[in-house]
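Have a look at the structure below before the remarks.
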Amino acid sequence: MTKPELLAPAGNFEKLQAALIYGADAVYFGGKNFSLRAYGDNFTREEILQAVDYTHAFGKKIYAAVNVFAHNADIDTLADYLTFLDGAGVDAVLVSDLGVLALVKELTNLKIHISTQANVTNWRAAKLFSDLGASRIVLARELTCAEIADIKRLCAAELEIFIHGAMCISYSGRCWLSKFLTGRDANQGACTHSCRWKYHLVEETRPSEFFPVGEDERGSYVMNSKDLCLLPYLDKIIQSGVTSLKIEGRMKSVNYVAGVVKVYRAAIDACFDGDFAVRDEWLAELDKVAHRPYTTGFFLSDGKPTEIHTAAKPSRSSDFLGIVRAFDGATMTATIEQRGKFEIGERVDFLQPKGRTFSQTIASMRDADGLKISAAPHAQQVVTIPVDEPVEVWSLMRDV
Ligand code: SF4
């Protein structure tokens, strides 16, 4: 059995670096236009060229999301952008719209992956997209394990599934709620996440009175979905023969990307080493990054989701404080680029790209000029602290 690809979100260049350094086999990103994350950082053309070079230097793959539902006015600009992506050397483009698919085929030699936004839920649809030239299908999230295995058996194309991250309460993002309430269209990458808002009931003759739709003391979140986590079922997923395992989250932090990628890297490798069992340290790491309560979504169900609704807002059990930029073994000190405020006496841990996570107390601190300081309050301030163990460059420091 071939080891599946671990595919991670790259919301910007730093997150792309984190994904690759922490063990992803491939990354996906959006350009400034035509990807369904219009409010993410996204990549300029210059940054795309840099990202392709960086990723290929690792021997890994990079895919461009071009998964908007295009309108006539988009076609000329899209044609130019697709030609650019082809020249830049990205390994595939993710598309949803048949017009965009036709343009990719006509103008480029790019591989085509069908985005989850196209809602492929059966083998006939998968086969049709394959016949139209797609080499890979990202399946809709609303599928059970048995359905995924059946599609694999009946369709020759590569399959990709989501294994971790936020979910839509609507059908894999084909949703009009945000556009209806705010004018910002989820199908053009501008979703306001209106499903997460707090709603009240209003009687038409009393427009200023908001009646609570009770769920708990904080209100009602009737359309708020839990986050997907299929970690416990990785062995089952791998047996189904899917090619690529995708982590959601182009809008999430560097800490999220690094932590989640590291857990799934270790879990996939454990499956192939023959000793897969969910480890407490993996669950603890998935609890540290921002998330809502986890669910297996539709994966185990009989077409019905297993309790995907939640009233909970995203939470995390630790804050991201800084990135290790250098380590000096002679003095046992680490140079940290600050991302969150920290001070002497604080208990922190270090998530390392390869090594184990360890914790310690910050005993002292010096600024970039070597002067003693008690806290690092400024954004991206560079400080040096003593460390209890050798620490890898690109480790992330978090509070505990
Ligand atoms: S409003 Fe919610 S359900 Fe609709 S597309 Fe946005 S995140 Fe998904």
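How big is the range 266-371 on each of its three principal axes, counting only the C-alpha atoms and giving the largest first in Å?
62, 38, 19
Taking every pair of alpha-carbon atoms in the range 1-158, give the share separated by more than 22 Å as a whole percent. Could the numbers behind the result be given before it?
Values: 5107 of 12403 pairs.
The answer is 41 percent, as a whole percent.
Among 384, 330, 357, which residue has its Cα furthest toward the positive end of the charge dipole of the range 320-399, with +1 on Lys/Arg Cβ and -1 on Asp/Glu Cβ?
357
Assuming 1.567 mPa s and 4 °C, estimate D for the range 282-334 with Stokes-Einstein, Rh taken as the Kirkwood radius over Cα pairs, in µm²/s.
Details: Rh = 14.5 Å.
Stokes-Einstein gives a translational diffusion coefficient of 89 µm²/s.
Let me test this: with uniform point scatterers at the alpha carbons of the chain, what is the Debye-based log₁₀ I(q)/I(0) at q = 0.12 1/Å?
Taken in order of the listed q values, log10 I(q)/I(0) reads -1.01.
Over the heavy atoms of residue 357, what accessible area does a 1.4 Å probe trace out, to the nearest 10 Å²?
50
List the residues, sorted by chain then number, that are 5 or more residues from residue 228 or on another chain and whose placed amide H is less than 5 Å from its amide H.
Correct list: 165, 166, 167, 295.
When you take every Cα atom in the range 320-399, what is the radius of gyration, and what is Dmax, the widest Cα pair distance, in Å?
11.0, 32
Using a 1.4 Å probe on the protein chains only, how many percent of the accessible area of the range 33-119 belongs to carbon and sulfur?
It is 47 percent, rounded to a whole number.
Could you tell me which of 187, 315, 66 has its Cα farthest along the dipole of the chain towards the positive end, charges placed at Cβ (Lys, Arg +1; Asp, Glu -1), taken about the Cα centre?
187
About the Cα centre, and with charges only on the beta carbon of Lys, Arg (+1) and Asp, Glu (-1), how big is the dipole of the chain? Nearest 20 debye, please.
On the way: 44 positive and 51 negative charges, 75 e Å.
Result for the chain is approximately 360 debye, rounded to the nearest 20.
For the range 237-256 and the range 20-83, what is the centre-to-centre distance using only Cα atoms, to the nearest Å?
Rounded to whole Å, the Cα centres lie 17 Å apart.
Roughly how big is the range 320-399's charge dipole about its Cα centre, with Cβ charges of +1 (Lys, Arg) and -1 (Asp, Glu), in debye to the nearest 20? The partial results should precede the final answer.
Working: 9 positive and 11 negative charges, 29 e Å.
In debye, rounded to 20, the range 320-399 gives about 140.
Measuring with a 1.4 Å probe in the full set of protein chains, what accessible area per residue, in whole Å², belongs to the chain?
Details: 17800 Å² over 400 residues.
Accessible area per residue, the chain: 45 Å².
Each label point is 7 Å from the Cα along the Cα-to-Cβ direction; what then is the distance between the points at residue 53 and residue 202, in nm?
Calculated label separation equals 5.4 nm.
Once neighbouring chains are kept in place and the probe is 1.4 Å, which whole percent of the accessible area of the range 320-399 is contributed by carbon and sulfur?
52
With point charges of +1 on the Cβ of Lys and Arg and -1 on the Cβ of Asp and Glu, referenced to the Cα centre of the range 39-155, which listed residue (98, 50, 129) lies farthest in the positive direction of the dipole?
129
Order the following by accessible area, largest value first: 358, 327, 320. Probe radius 1.4 Å; ligands, DNA and RNA are ignored. The partial results should precede the final answer.
Values: 358 5, 327 65, 320 40 Å².
Greatest to least solvent exposure: 327, 320, 358.
Filter the cross-link list 105/127; 198/246; 15/262; 15/372; 3/61 down to pairs whose alpha-carbon distance in this structure exceeds 21 Å. Walk me through the intermediate numbers first.
On the way: 105/127 17 Å; 198/246 30 Å; 15/262 13 Å; 15/372 31 Å; 3/61 15 Å.
Cα-Cα > 21 Å for 198/246; 15/372; rest within.
Residue 107 to residue 132: extension gain in nm, 0.36 nm per residue of separation minus the Cα-Cα distance?
Working: separation 25, 0.36 × 25 = 9.00 nm, distance 1.49 nm.
Extra length available between residue 107 and residue 132 comes to 7.5 nm.
Given the pairs 236/313; 252/354; 179/341, which are separated by over 32 angstrom at their Cα positions?
Values: 236/313 30 Å; 252/354 22 Å; 179/341 37 Å.
From the list (236/313; 252/354; 179/341), the Cα-Cα distance tops 32 Å for 179/341.
The values are calculated or read from the model by the stated rules, or taken from the named source; none is laboratory data. In this text, all values refer to a predicted model and were calculated from it rather than measured experimentally. Here the Cβ is made from the backbone with ideal geometry for all residues, glycine too, and neighbour counts use every protein chain on show. Side chains are part of the model used for accessible areas, which takes the heavy atoms of the whole protein and leaves out ligands, DNA and RNA. Shrake-Rupley method; radii C 1.70, N 1.55, O 1.52, S 1.80 Å.
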